[in-house]
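A.B. asks: Take this structure, written in structure tokens, and hold onto it; I'll ask about it next.
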Amino acid sequence: MGALTDKYCIVGVGETPHMRPSNRTTLSMACEAVKKAMADAGLEPRDIDGMTSYQAGDSTTSNHIATSLGMRLNYSVDILGGGSSTEALIGNTIGLLEAGYCKTMVIFRSMNGRSGRRMGGQAPSGPVPPTRAAEDNQFMMPWGWTSPAQRFGMSAMRYLRDTGTTTRSLAEIAVAHRYHASLNPKAVMRHPITIEDHQNSRWVVKPLRLLDCCLETDVSACLIVTSRERAYDLRQPPVFIMGGTGRTMAPNAAWNYSRPEIHYVAGNYGRKRLFGMAGISQKDVNLISCYDAFTFTTLIQLEAYGFCGKGEAGEFVKGGRLQIDHELPSNLSGGHLSEGYTHGVSMVIENVRQLRHRADDACPGWAEGKHSYDRQAGCRQVKDARIAACLGWGTETMSSSAILRGISA
Amino acid sequence: MPGPIDYSKITITPDFDTVEWWMATKEHKYLVRQCKDCGHKWFPPFPACNTCNSMDLGWFETAGTGVLHSYIVVTQPILGAFVEAVPYVVGLIELDDCHEADGSLVRVGGVMLDDEEDVAIGLPVSVEYEQTNEANIVVPRWKISGTAENTWKFNE
């Protein structure tokens, strides 16, 4: 167990609708997300005295939100980063709260991920200025090897070769996350898909097809973290942070490709620390968010975090195992593949809602925790949601994670 | 062979750590970093030896041969430079002469001159140099150079 296990809680969550495009500033969206998270928790601007965020040079910063909403912060730091940041900042936040730097802290990401800076690269239509290839990019961009799909595709291809896995296993992940999105009124892509739909979708970069790739959306999403003593007095059932890791690296982290196995990813190095700190095993986990920038990133992290053996993920995901009402439901909101793209915050938000037993689905009483568990009627609540693992991905060589529990666990 | 790559749409900016590497490609040499103290080799040319932490570094001129360790086939261009090139294969090449006793090895990327049909993991490859439409920039390309047993191809 960790010294601070269960001592800090996620007490508020909020987000803007996923839009393509938002026609708004990242500041405007972030203010809305923070307001919603405060309202969710039952907090006022004066109660928030810490704020942190991550971005890729594409977003507003904490001081602008504090000014807009009339907060005076005792701590604020905005960092650079993408998909391995949410859980890492949860870790930072616990340390800051414990040390007394502040009392109640906002974590946010705000991005015009579709209409502004696109992680997958801008479409090369019309006159574009020459792309600058500097630093590590000198040895990738001139070979036309730049986007996340192209980078991770290299590791995915070798994985398929080494393990005999086929892309039908990748399809299982796309189908499961889309099924969950069909139960999520907030999701961008809600029509269910089949394995054949995945197999028939166009190639983006072999071995990845369109339905292996996440969406790009304009959105802001926010978490609020405070001590359990404060959490008890707030509006929602508290969700306890049991443990986590922050941007854990594999060796040779800045050049994955000279490692003995390019698909032996960073989660392998964080796994024992994560479960050790939480004081539980993989068998205790009822649901996961497994970072789905691509189907492959979900697949490989199931191995890295020990939910199945090395090389076994392709078999593990078959038969709908990652779908609700099955053994290990994954990305209940639909994830980045089907709900929308937030660089990870939305996956943690969904786990919080699930652990509160308040998934915001079609059940009329969801806000009071009343669910029908009737999937035909649009219920998205996992029946026995007690412990959730959040498995973040930055690259093959960088991963963050957190384990959360609800009050019934 | 993939279509032409318009290198005028990429601005390569060599820096303190990499300028000698780019100068060497103009002389058709494929270099990797080598530690003058312990002999360790690596790439890209990070500025210290991650085995002994020496910063007294030189270069090792490789034979420019290797084995295809993995590859991708890009069908949707992301960069303006590659709009005419698709579909093209990016290879991950494990260099033949950078293996060390402790298992350390060097893999590098590059655009294959071969089409997808002719590429398979496990095949031997060798480097060729392409004078780009930018006078100052020569880029290494890679080409299948023979046959091998136990190769693997993505057949979907």
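The values are calculated or read from the model by the stated rules, or taken from the named source; none is laboratory data. Note that this is a predicted model, so its numbers are computed, not measured. Cβ: placed from backbone, ideal geometry, glycine included. Neighbour counts: every protein chain shown.
A.B. asks: If we scan the stretch A:83-94, do we find a residue that is buried (at least 22 other Cβ atoms within 10 Å of the Cβ) and modelled with pLDDT under 95?
C.D. replies: Yes, the conditions are met somewhere in the stretch A:83-94.
A.B. asks: I'm checking my understanding of the structure. Among residues of the stretch B:104-125 that are touching a Gly at 6+ places or on another chain (Cβ under 9 Å) and under 21 Å from B:ASN155 (Cα atoms), which one is surrounded by the most Cβ atoms within 10 Å (Cβ to Cβ)? Let's see the steps before the verdict.
C.D. replies: At the first step, the residues of the stretch B:104-125 found to be touching a Gly at 6+ places or on another chain (Cβ under 9 Å) are B:106-112, B:114, B:119, B:123-125.
Keeping just the survivors that are under 21 Å from B:ASN155 (Cα atoms) gives B:111-112, B:114, B:119, B:123-125.
On the way: B:VAL111: 23, B:MET112: 24, B:ASP114: 22, B:VAL119: 20, B:LEU123: 20, B:PRO124: 16, B:VAL125: 27.
Selected residue: B:VAL125.
A.B. asks: Only residues that are more than 9 Å from chain A (Cβ to nearest Cβ) and without any contact (Cβ under 8 Å) to a residue 60 or more places away in the chain: list them for the stretch B:143-152, please.
C.D. replies: B:LYS143, B:GLY146, B:THR147, B:GLU149, B:ASN150, B:THR151, listed by residue number.
A.B. asks: Are any of the residues in the stretch A:163-182 hydrophobic (A, V, I, L, M, F, W, C), touching a residue at least 60 places away in the same chain (Cβ under 8 Å), farther than 15 Å from A:PHE296 by Cβ and buried (at least 19 other Cβ atoms within 10 Å of the Cβ)?
C.D. replies: yes
A.B. asks: Tell me, yes or no, whether the stretch A:133-142 has at least one residue that is within 14 Å of chain B (Cβ to nearest Cβ), in a strand (DSSP E or B) and farther than 27 Å from A:MET249 by Cα.
C.D. replies: Of all residues in the stretch A:133-142, those within 14 Å of chain B (Cβ to nearest Cβ) come to A:133-142.
Those left that are additionally in a strand (DSSP E or B): A:133.
Those left that are additionally farther than 27 Å from A:MET249 by Cα: none.
Checked the stretch A:133-142: no residue is within 14 Å of chain B (Cβ to nearest Cβ), in a strand (DSSP E or B) and farther than 27 Å from A:MET249 by Cα.
A.B. asks: Another question about this same structure. What's the number of the only condition in (1) among the polar types (S, T, N, Q); (2) surrounded by fewer than 19 Cβ atoms within 10 Å (Cβ to Cβ); (3) touching a Phe, Trp or Tyr at 6+ places or on another chain (Cβ under 9 Å) that A:SER372 fails to meet?
C.D. replies: (3)
Per-residue answers, yes or no, for (1) of a type in the set (D, E, K, R); (2) within 8 Å of chain A (Cβ to nearest Cβ); (3) more than 27 Å from A:ASN252 (Cα to Cα):
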position: B:PRO87; (1), (2), (3): no, no, yes
position: B:GLY91; (1), (2), (3): no, no, no
position: B:HIS99; (1), (2), (3): no, no, no
position: B:VAL108; (1), (2), (3): no, yes, no
position: B:MET112; (1), (2), (3): no, no, no
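A.B. asks: Check the stretch B:36-49 and report whether any residue there is more than 10 Å from chain A (Cβ to nearest Cβ), surrounded by fewer than 18 Cβ atoms within 10 Å (Cβ to Cβ) and within 22 Å of A:ASP136 (Cβ to Cβ).
C.D. replies: So far as the stretch B:36-49 goes, yes, one or more of its residues are more than 10 Å from chain A (Cβ to nearest Cβ), surrounded by fewer than 18 Cβ atoms within 10 Å (Cβ to Cβ) and within 22 Å of A:ASP136 (Cβ to Cβ).
A.B. asks: Would you please name the residue that is farthest from A:SER399 (Cα to Cα), looking only at residues in the stretch A:231-254 that are in contact with a Pro (Cβ under 9 Å, 6 or more places away or on another chain) and surrounded by fewer than 19 Cβ atoms within 10 Å (Cβ to Cβ)? Lay out the reasoning, then the answer.
C.D. replies: Just the residues of the stretch A:231-254 that are in contact with a Pro (Cβ under 9 Å, 6 or more places away or on another chain), to begin with: A:231-232, A:254.
Applying the additional criterion that residues be surrounded by fewer than 19 Cβ atoms within 10 Å (Cβ to Cβ) yields A:232, A:254.
Numbers: A:TYR232: 31, A:ALA254: 13 Å.
The residue in question is A:TYR232.
A.B. asks: What is the number of the single condition among (1) within 19 Å of the chain's Cα centre (by Cα); (2) surrounded by 17 or more Cβ atoms within 10 Å (Cβ to Cβ) that A:ALA56 does not meet?
C.D. replies: Only one criterion is unmet by A:ALA56, namely (2).
A.B. asks: Taking the conditions exactly as written (modelled with pLDDT of 95 or more, β-branched (Val, Ile, Thr) and in contact with a Phe, Trp or Tyr (Cβ under 7 Å, 6 or more places away or on another chain)), does A:ILE107 satisfy them or not? Walk me through how you get there before you give the answer.
C.D. replies: Numbers: modelled with pLDDT of 95 or more: yes; β-branched (Val, Ile, Thr): yes; in contact with a Phe, Trp or Tyr (Cβ under 7 Å, 6 or more places away or on another chain): no.
In short, no.
A.B. asks: Is it true that B:ASP17 is within 10 Å of chain A (Cβ to nearest Cβ) and either assigned to a loop (DSSP other than H, G, I, E, B) or more than 15 Å from B:VAL106 (Cα to Cα) (or both)?
C.D. replies: Numbers: within 10 Å of chain A (Cβ to nearest Cβ): yes; either assigned to a loop (DSSP other than H, G, I, E, B) or more than 15 Å from B:VAL106 (Cα to Cα) (or both): yes.
So B:ASP17 passes the test.
A.B. asks: Right, something else. Just checking, which of B:VAL90, B:VAL86 is more than 27 Å from A:GLY164 (Cβ to Cβ) and touching a Gly at 6+ places or on another chain (Cβ under 9 Å)? I'd like the intermediate steps shown before the answer.
C.D. replies: Values: B:VAL90 fails: more than 27 Å from A:GLY164 (Cβ to Cβ).
Of B:VAL90, B:VAL86, the one residue that is more than 27 Å from A:GLY164 (Cβ to Cβ) and touching a Gly at 6+ places or on another chain (Cβ under 9 Å) is B:VAL86.
A.B. asks: If you scan the stretch B:50-82, which residues turn out to be more than 11 Å from every other protein chain (Cβ to nearest Cβ), in a loop (DSSP other than H, G, I, E, B) and surrounded by fewer than 16 Cβ atoms within 10 Å (Cβ to Cβ)? Before the answer, list the steps.
C.D. replies: Just the residues of the stretch B:50-82 that are more than 11 Å from every other protein chain (Cβ to nearest Cβ), to begin with: B:51-67.
Next cut, in a loop (DSSP other than H, G, I, E, B) only: B:51-56, B:62-64.
If the condition is that a residue be more than 11 Å from every other protein chain (Cβ to nearest Cβ), in a loop (DSSP other than H, G, I, E, B) and surrounded by fewer than 16 Cβ atoms within 10 Å (Cβ to Cβ), then B:CYS52, B:ASN53, B:SER54, B:MET55, B:ASP56, B:ALA63 are the ones that fit.
A.B. asks: What residue, among those in the stretch B:20-35 that are part of a loop (DSSP other than H, G, I, E, B) and more than 14 Å from chain A (Cβ to nearest Cβ), is farthest from A:MET140 (Cα to Cα)? Quick ask: steps written out before the conclusion?
C.D. replies: At the first step, the residues of the stretch B:20-35 found to be part of a loop (DSSP other than H, G, I, E, B) are B:27-30.
Subsequent filtering for residues that are more than 14 Å from chain A (Cβ to nearest Cβ) retains B:27-29.
On the way: B:GLU27: 21, B:HIS28: 19, B:LYS29: 18 Å.
So the residue we want is B:GLU27.
A.B. asks: Only one residue in A:HIS336, A:HIS343 is within 25 Å of A:TYR8 (Cα to Cα) and in contact with a Phe, Trp or Tyr (Cβ under 8 Å, 6 or more places away or on another chain), so which one is that? Let's see the steps before the verdict.
C.D. replies: Working: A:HIS336 fails: within 25 Å of A:TYR8 (Cα to Cα).
A:HIS343 is the lone residue from the list that is within 25 Å of A:TYR8 (Cα to Cα) and in contact with a Phe, Trp or Tyr (Cβ under 8 Å, 6 or more places away or on another chain).
So that you can scan it fast, the table gives a plain yes or no per residue for (1) free of Cβ contacts under 8 Å to residues at least 24 places away in the same chain; (2) in contact with an Asp or Glu (Cβ under 8 Å, 6 or more places away or on another chain):
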position: A:LYS7; (1), (2): no, yes
position: A:ASN23; (1), (2): no, no
position: A:LYS35; (1), (2): no, no
position: A:ASP40; (1), (2): no, no
position: A:GLU44; (1), (2): yes, no
position: A:ILE79; (1), (2): no, no
position: A:THR104; (1), (2): no, yes
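A.B. asks: Answer with yes or no whether A:GLU261 is within 11 Å of chain B (Cβ to nearest Cβ), of a type in the set (Asp, Glu) and in a loop (DSSP other than H, G, I, E, B). Walk me through how you get there before you give the answer.
C.D. replies: Working: within 11 Å of chain B (Cβ to nearest Cβ): yes; of a type in the set (Asp, Glu): yes; in a loop (DSSP other than H, G, I, E, B): yes.
Considered against the rule, which asks whether it is within 11 Å of chain B (Cβ to nearest Cβ), of a type in the set (Asp, Glu) and in a loop (DSSP other than H, G, I, E, B), A:GLU261 comes out as yes.
A.B. asks: Residue under question is A:ALA123, and the condition is that it be on the phi < 0 side of the Ramachandran plot, modelled with pLDDT under 95 and surrounded by fewer than 17 Cβ atoms within 10 Å (Cβ to Cβ); does it hold?
C.D. replies: Numbers: on the phi < 0 side of the Ramachandran plot: yes; modelled with pLDDT under 95: yes; surrounded by fewer than 17 Cβ atoms within 10 Å (Cβ to Cβ): yes.
It is true that A:ALA123 is on the phi < 0 side of the Ramachandran plot, modelled with pLDDT under 95 and surrounded by fewer than 17 Cβ atoms within 10 Å (Cβ to Cβ).
A.B. asks: Which of the residues belonging to the stretch A:317-368 are free of Cβ contacts under 8 Å to residues at least 40 places away in the same chain and in contact with a His (Cβ under 6 Å, 6 or more places away or on another chain)?
C.D. replies: A:CYS363
A.B. asks: If you don't mind, another one. Select from the stretch B:83-107 the residues that are within 19 Å of A:ALA156 (Cβ to Cβ) and outside any loop (DSSP other than H, G, I, E, B) and list them in ascending order.
C.D. replies: The answer is B:TYR88, B:VAL89, B:VAL90, B:GLY91, B:LEU92, B:ILE93, B:GLU94, B:ARG107.
A.B. asks: Only one residue in A:ARG230, A:ARG209 is basic (Lys, Arg) and more than 30 Å from B:TYR88 (Cα to Cα), so which one is that?
C.D. replies: Working: A:ARG209 fails: more than 30 Å from B:TYR88 (Cα to Cα).
Within the list A:ARG230, A:ARG209, the selection yields A:ARG230.
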